Amino acid sequence: MAIDKNQFIKRIHVASKKIPADIVIKNGRIIDVFNLDILDGDIAIADGMIVGIGNFEGLHIIDAKNRYISPGFIDGHVHIESSMVTPTEFAKVVLPHGVTTVITDPHEIANVSGSNGIQFMIENSEGIPLDIYFMLPSSVPATPYENSGAILEAHDLETFFKYKRVIGLAEVMDYPSLQNAEDSIVDKLLMTYSNSQLIDGHLAGLNANAVNIYRAAGIRTDHECYMVEDALDRLRRGMYLLIREGSVAKDLQSLIKVVNFQNARRCLFCTDDKHIDDLVVEGSIDHNVRLAINNGIDPFLAIQMASLNAAECYGLNQKGAIAPGYEADLLFLDDLKDVQISEVYKSGKLVAAKGKYVGESIVKQEPTAELTNTIHFPGISELNLQIPIGESSRANVIGITPNQLTTKKLNESVTTEYGCFKPSIEHDQLKLVVVERHKNTGNIGLGIVKGFGMKDGAIATTIAHDSHNLVCTGTNDGDIISAVNALKKMNGGLVVVKQGEVIASLPLTIAGLISNQDYSIVHTELKNIKNALTKLDFHGNSNPFLTLSFLTLPVIPSLKLTDLGLFDFENFRHIEVGL
C-alpha cells in the first residue's frame, strides 16, 4: 500500500521524539494482545497511526483516566444487509459497540441486484468512519435449486478487485460444485488467487472429509460450526474457526468449549446475520466478547480473538493491536469483564461515547431506481396455494430448531380438507409459501412448517436467504395472500397481517432487503412489528422473521423450501410434500 512520503517521515520523527505527536493518550492500561497482559505507557499517534508507546509529548493530550485501552473489535464475517440498514447507518450502530472494522459479504443484495448491488454497498461505505472490507460473493445464484435475481461469474467479480477494500472471495457454499471441481466454482477460486489469497468457507453439516476438500482448494475459514467435534475437525486441518453469535445462529456457548490457549490464535468472532434491534440493544462483537468471558474465557484472550486474530486471518496487518505501526482504532473500557465501552476512537478520532455515535455526519449514497424496483410476480389466488396430500394424510414437514439455522425433517400426520393440507393451530402446522419475485416466473413453492407457535394471521418478508424470494407463513390462505400482496405494493420488506389487515410493516425498498431510512426509524418499526406479533398470539423466544428468512436456504440441513419446491438437504434434491 502506497504511503505518502511526508507522512512516513513524520511518523519516524514522532517515534524518535524529534517532533510532538498529533495525539498522545496518557494514563491508560493498554491491553497487550501479543502477550495477553497490561502495558503501561503513553500512546503516541500521528496521522491516525500509532507510532510509539512510552513517554511522549503531543499537540493534543487525551487522559484515559486509568481505563483499559483495547484494540478496536473486528467482525470477521457479516452480511450488512441483514441489519436492514445501509452501510452508513450500520456504522452509526456498531461503532458505539467498539466495532471499528468489519469483513462483509454482500451476497444478499448481489443475489437480488447483481453487480449493481455490490457497487451500491461499496459506494455507500466509502469515506465513513468504519472500515468495511468486502469479500466478493461466490454463489450468485446461491444454488441451482432456486431462482435468484442475478448470475455472477468469475469475470463479473474480478472487476471489483480494483477497489482496495475488496480483499477476497466470500463463503463458498456450493459444496457439490466444489467437490466435483466444476468450472463455475473453480474459475472463481483461481480468479481470486490471482488477486488475493483470502477465501471463506461454508461447511454447514459437512464432515471431516469435506474439510479436506475445502482445504485442498485453499479455503481458510468456516463460520457454520455449531458442534464441538466439527469445530475441532476444522482447527485440526488448519482452518480458522469463526465463532458466530447472530440473531438466529447462536453458536458461541457451545463452541467456546473448543477454545484454549493452544488453539485460540486460530479462533475469532463473527455475527454473520444480526438484525438492527439486536445490534442496538445487545451489541455486536462486544456481545461475543462478553459472552465468551462469561463462559470462562480469559478476558485478554477474548479481546485477542476479537481483534488481533481477526486482523491476521484477513491479512489486515495494521489492525488488531495497540503497537507502533498499527492504526489507532482504540476502545476505552471502564470494566474488563463486562466490556463496558465508554469511548471509541477510529484512527485517533473520537467517534462514539457513552453508547452513542458522536463522529462527523455521514452523507449517504442514494440507491438507483433499479435497486428500488425488485418485486416482480403475477397475482396469486387460493388455488395457487393448495398442497395435495395423499390418502395416508402424512407429509414431509419442516421442523424448526429454535435459534438455529438448521431444521428437522419430520414425517407427520396432517389435517386435510378436500385432499389438501389445512393449517392446524392445534398441531402447530402452518402453511409455508415461497413466491419467486425476481423474474416474474410465477413459481410458487409450497410446504408445511412446524414450530412457529402462531395462532392467527400471517407474516411475510422479502428477506429469504440466499436468493431472497418472497417467503410467507400463515394460519390461513386469505391472510397469506394479503401479506404477499402488501409486500408487492411496498416494494419489499416485512409485514404482519391479521384478518386481511396489515397491522405492522417495515418497508425495505432497497432490493427488498434494506431500508433507506435512519437506523432509529428502522429500529422503531421493528418494535412495532414485535408488538404486532403478540396479536397473532405469538409468544416464542426466537425471532419468527429471522427464522422465516432462513427456511429458504437449501445449503443448510435438513429440509427447506425454495420457489421450486420442498428441498431435502441430505439428498440434495426436491421432494414432494405429501407422502
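Each residue of segment 417-433 was assigned a 3J(HN,Hα) from its phi angle through the Karplus curve 6.51 cos²θ - 1.76 cosθ + 1.60 (θ = phi - 60°); the sequence is 8, 6, x, 10, 4, 10, x, 10, 5, 4, 9, 6, 10, 10, 7, 10, 10 Hz, with glycine and proline shown as x.
Sequence-distant contacts, meaning Cα pairs under 8 Å at least 6 residues apart, place the relative contact order of the chain at 15 percent. Residue exposure proxy: SER125, SER194, SER83, ordered by other Cβ atoms within 10 angstrom of their Cβ from fewest to most, comes out as SER194, SER125, SER83. In a DSSP loop and with at most 12 other Cβ atoms within 10 Å, the trypsin sites (Lys or Arg not before Pro) in segment 18-113 are LYS18, LYS65. Counted by neighbouring Cβ atoms within 10 Å, the residues SER247, SER70 run from fewest to most as SER247, SER70. Estimated from helices alone, the mean residue ellipticity of the chain at 222 nm is -7000 deg cm²/dmol (sum of -39500 (n - 2.57) over DSSP H runs with n ≥ 4, per residue). The ranking of HIS376, HIS275 by Cβ neighbour count inside 10 Å, starting from the fewest, reads HIS376, HIS275. If you place +1 on the Cβ of every Lys and Arg and -1 on the Cβ of every Asp and Glu, how big does the dipole about the Cα centre of segment 370-575 come out, in debye to the nearest 20? With Lys and Arg at +1 and Asp and Glu at -1, about 180 debye. The GluC sites (Glu not before Pro) of segment 175-265 that DSSP puts in a loop, and whose beta carbon has at most 15 other beta carbons within 10 Å, are GLU182. Projecting the Cα positions of GLY348, THR462, GLY451 onto the charge dipole of the chain (unit charges on Cβ atoms of Lys, Arg, Asp and Glu, taken about the Cα centre) puts GLY348 furthest along the positive direction. Measuring between alpha carbons in the structure, the pairs from LYS250/LYS349; LYS455/LYS488; LYS455/LYS530 lying more than 22 angstrom apart are LYS250/LYS349; LYS455/LYS488.
Residues whose amide H comes within less than 5 Å of that of LEU203, counting only those at least five positions distant or on another chain, are HIS223, GLU224 (H built at 1.01 Å from N in the peptide plane).
So for segment 27-119, what percent of the C-alpha to C-alpha distances run longer than 20 Å? Counting pairs separated by more than 20 Å, the tail of P(r) holds 54 percent.
No lab work stands behind these numbers, since they all come straight from the coordinates. No experiment lies behind these values; they were computed from the predicted model shown. FYI the Cβ positions are ideal-geometry reconstructions off the backbone, even for glycines, and counts take in every protein chain you see.
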